[in-house]
Amino acid sequence: MGEYVITGSKKLKGTITVNGSKNAVLPILAASLLNGSLSVLENCPDISDTKTAVEILQHIGCAVERENKTMIVNSSSACNTEIPTELVKKMRSSIIFTGPLLSRAKKVKLTYPGGCELGKRPIDIHLSAFKKMGVNITEENDIITFSCEKLKGCDIAFDFPSVGATENIILAAVLAEGVTNLSNCAREPEIADMCRYLVKAGAKIDGIGSSDITITGVKKLHPATHSIVPDRIEAGTYMIMTAAAGGKVLLKNTVSHHLKPLIEILSKMGCKIQLSTSSISIKAPSVLENVPFIQTLPYPGIPTDLQPQLTALSAVSKGMCRFDETIFESRTAHIGELLKLGADISLKSGTEFVVNGVTRLKGNEVFAKDLRGGAALITAGLCADGTTIIKNSCHVERGYENIVENLLNLGANITLKN
Ligand code: EPZ
């Protein structure tokens with residue numbers, strides 16, 4: 001388990017190129033099972049979650065090669081229908097392989113993904129939708145077995161716009177018999193990116209990016225090449241880090257309309273933000289002002305995956321901000337660690353807390369508990385006085401490629417000690 005060592009109060013200055021989206025490449029790697037042939041995926045981030053997804057594909061029987069940022073998947077010999085427990089435990093989003101594997105092999109066996117630092121993470125929405133498509137589901141000692149004669153298109157209204165469930169059912173529907181009408185779908189851009197890959201492979205999908213999606217089952221998909229959409233959460237994280245540490249940074253390979261709510265908040269906090277077709281420039285103010293209220297919502301609202309980083313930013317901004325985390329029931333593990341750095345935050349419930357900004361944080365030893373919480377602690381360390389040690393770097397390495405190199409290039413004083 002590595003640790004980041006940061007000496008704070010260095011302004012950030014320079015340019016970084018944002019990687020392809022972790023939360024798009026994962027469902028698209030799962031989707032590559034469907035065409036039973038070649039998928040060429042460009043702009044793939046080299047992070048531990050992608051490595052885990054590749055291990056799952058190889059375990060299923062696919063051949064996967066990486067050439068720099070491009071991954072080539074050959075799913076012609078995919079046959080294994082069991083996903084190893086150690087891989088599901090490493091990456092709970094492995095559940096996303098259920099839809100495509102059911103489509104290919106009509107059977108899937110995997111361990112219940114289970115909860116994490118963010119909450120219980122149930123999969124009831126996935127399960128009830130699969131049952132509607134004709135899937136038989138049994139559970140024994142934490143192992144779930146899915147089986148079906150065939151997948152049947154049907155009408156499904158999601159109780160909640162779950163990102164994973166929306167992706168899983170689209171993946172089950174593209175080769176199913178008949179038409180599947182989905183309503184109350186999640187609208188995250190990563191889902192639209194997965195759909196664009198599927199359409200390139202011959203799938204028939206209408207309503208991409210909206211909450212009502214219609215998939216008309218086809219007989220077969222063919223090879224496809226696709227470039228992964230830029231990672232809006234990685235981009236947003238670096239924008240927040242720049243705002244907190246001070247300075248001016250240009251982010252390349254971005255889609256600014258995916259970040260509208262964050263751009264609005266950072267502008268209100270005093271940042272100067274300029275947009276161009278594929279880049280975002282952000283200049284931090286000398287004094288940050290808190291906005292009064294931040295509430296996470298399904299896309300296009302403020303993404304829950306930026307809430308921990310915004311909490312760290314709010315902790316060093318003038319005035320108070322009330323946070324309401326509406327997506328996960330306990331995405332607050334980072335708060336205890338921010339308090340160790342001198343932040344003034346009071347928890348009102350598992351999902352609501354109030355931040356009272358302080359002028360300076362003070363370096364200390366803290367623990368990353370999850371991916372975005374770790375990014376929040378790096379954000380805090382960059383602007384804290386003295387040295388901050390952030391343990392359990394493995395959490396951050398799941399979703400941020402070359403974060404130390406990127407921050408060093410921007411002038412930060414950060415090292416990774418293994
Ligand atoms: C995806 O997780 C992302 N992960 C998460 O990003 C992101 O935070 C989340 O969507 C919300 O945007 C990937 O894309 C790999 P959900 P997912 O199903 O699909 C409840 C990161 O940091 N729910 O939309 O698991 C669930 O408990 C990660 O990159 C049910 O109740 O999210 C949660 O409270 C963290 N039943 C809420 O819905 C279900 O069957 C949102 O979950 C499914 C979900």
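A viscosity of 0.890 mPa s and a temperature of 25 °C, combined with the Kirkwood radius over Cα pairs in Stokes-Einstein, give a translational diffusion coefficient for the chain of 112 µm²/s. Amide H contacts under 5 Å for V179: G153, G217, restricted to partners 5 or more places along the chain or on a different chain, H placed in the peptide plane at 1.01 Å from N.
Overall, the accessible surface of the chain at a probe of 1.4 angstrom is composed of carbon and sulfur to the extent of 51 percent. Less than 5 angstrom separates the built amide H of R187 from those of Y299, all sequence-distant by 5 or more or on a different chain. Computing FRET efficiency as 1/(1 + (r/R0)^6) for T387 and K260, where r is the C-beta to C-beta distance and R0 is 35 Å, gives about 0.45.
So what is the diffusion coefficient of segment 196-262 in µm² per second by Stokes-Einstein at 10 °C and 1.306 mPa s, using a Kirkwood Rh over Cα pairs?
Working: Rh = 14.9 Å.
Estimated diffusion coefficient is 107 µm²/s.
Under a 5 Å amide H cut-off, with hydrogens placed 1.01 Å from N, T15 pairs with L250 among residues at least 5 apart or on other chains.
Dipole of segment 22-227, Cα-centred, from +1 at each Lys and Arg C-beta and -1 at each Asp and Glu C-beta, to the nearest 20 debye?
On the way: 23 positive and 23 negative charges, 83 e Å.
Roughly 400 debye, rounded to the nearest 20.
Here the gap between T359 and Q274, fully extended at 0.36 nm per residue and compared with their Cα-Cα distance, gives a gain of 27.9 nm. Applied to segment 337-346, the Karplus parametrisation 6.51 cos²θ - 1.76 cosθ + 1.60 on θ = phi - 60° returns per-residue 3J(HN,Hα) values of 6, 5, 4, 5, 8, x, 6, 10, 10, 10 Hz, with x for Gly and Pro. Counting 0.36 nm for each residue step from N402 to N141 and taking away their Cα separation leaves a gain of 90.1 nm. When peptides 381-389, 23-31, 44-52, 296-304 are ranked by their average number of other Cβ atoms within 10 Å per residue, the highest-first order is 23-31, 381-389, 44-52, 296-304.
When Lys and Arg each count +1 and Asp and Glu each count -1, what net charge do the other residues less than 14 Å away from K107, Cβ to Cβ, add up to? Mind showing how you got there, number by number?
On the way: positive: R104, K106, K109, K150; negative: E82, E149.
Once positives and negatives cancel, what remains is +2.
Axis of helix 48-60 versus longest Cα principal axis of the chain: the two differ by about 10°, to the nearest ten degrees.
By its C-alpha gyration tensor, with a ≥ b ≥ c as the square roots of the eigenvalues, how is segment 275-408 shaped: rounded for a/c under 1.5, else prolate for a/b larger than b/c, else oblate? The shape class here is rounded. Compared with the dominant Cα axis of the chain, that is its longest principal axis, helix 163-173 is turned about 20°.
Quick check on segment 5-76: what are the equivalent-ellipsoid semi-axes from the Cα gyration tensor, as sqrt(5λ), descending, whole Å?
Values: eigenvalues 196, 32, 18 Å².
Result for segment 5-76: semi-axes of 31, 13, 9 Å.
Each residue of segment 38-47 is assigned a 3J(HN,Hα), and the resulting list reads 9, 10, 10, 10, 9, 6, 8, x, 9, 10 Hz, derived from the Karplus form 6.51 cos²θ - 1.76 cosθ + 1.60 (θ = phi - 60°), x at Gly and Pro.
Starting with the highest mean, order 250-257, 213-220 by the number of other Cβ atoms within 10 Å, averaged over the residues of each peptide. Provide the component values of the computation, followed by the final result.
On the way: 250-257: 18.2, 213-220: 16.8.
Top of the packing list down: 250-257, 213-220.
Among the listed pairs K318/K340; K22/K348; K348/K369; K120/K152; K90/K200, those with a Cα-Cα distance over 24 Å are K22/K348; K120/K152; K90/K200. For the chain, the longest principal axis of the alpha carbon atoms and the long axis of helix 189-200 meet at an angle near 30°. Model label sites at E352 and E65, defined 7 Å from Cα along the beta-carbon direction, differ in position by 5.7 nm.
Volume per residue for segment 32-168 equals 118 cubic angstrom (convex hull of Cα atoms).
The values are calculated or read from the model by the stated rules, or taken from the named source; none is laboratory data. Everything numeric here is computed off the predicted structure, so don't read it as measured data. A quick note on method: Cβ atoms are made from the backbone with ideal geometry, for glycine too, and the neighbour counts reach across all protein chains shown. Note: areas computed on protein heavy atoms with side chains; ligands, DNA, RNA excluded. Shrake-Rupley method; radii C 1.70, N 1.55, O 1.52, S 1.80 Å.
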